[in-house]
Amino acid sequence: MSCFLVPRWKPDGSKNPIQVQRLKNKMGNVSNASSEIELRNALGWMLGEEGRGVATIIEMVSMTRFDCMVGSTASMRHGVAQAIHHAQSKPRLRVDGMSGWQWRDGGFHHGAAVS
């Protein structure tokens, strides 16, 4: 089994001939539909090596998960940086003052996400 990238539209602007034959009945996660499709004379490009479609998909899923982790960690770091910057501009919310533990705690959670 091989993995192919099949676009919805061809480069010339015409629709790629992809036909959905049936939607599968699913138990559990019904929000992600599975279907059987038919590709007659459809334009597509093989991804990965021939016969290694499942391995190619597993690698793509792993990279997607890694990308989500990097994005979440970056958002956490950005939030900590903005909070510290805001607190430094307020005399009553100094980072080294009474609420310093809160800034250190936020930084700790960010550090845990990175490692």
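The residue pairs whose first member lies in the stretch 39-53 and is within 13 Å of P7 (Cα to Cα), whose second member is part of a loop (DSSP other than H, G, I, E, B) and not basic (K, R), and whose beta carbons are closer than 6 Å, counting only pairs six or more residues apart or on different chains, are N41/P17; A42/V6; A42/N16; A42/P17; L43/N16; G44/V6; M46/S2. Summed over the stretch 45-79, the residues that are in a helix (DSSP H, G or I) and within 25 Å of P11 (Cβ to Cβ) give a count of 4. The set of residues in the stretch 16-34 being over 14 Å from F4 (Cβ atoms), surrounded by 10 or more Cβ atoms within 10 Å (Cβ to Cβ) and polar (S, T, N, Q) consists of Q19, S34.
Bear in mind that the values in this text are calculations on the coordinates, not laboratory data. Keep in mind that what you see is a predicted model, and the values were worked out from it rather than measured. Quick reminder, even Gly has a Cβ in these numbers, built from the backbone with ideal geometry, and neighbours come from all protein chains shown.
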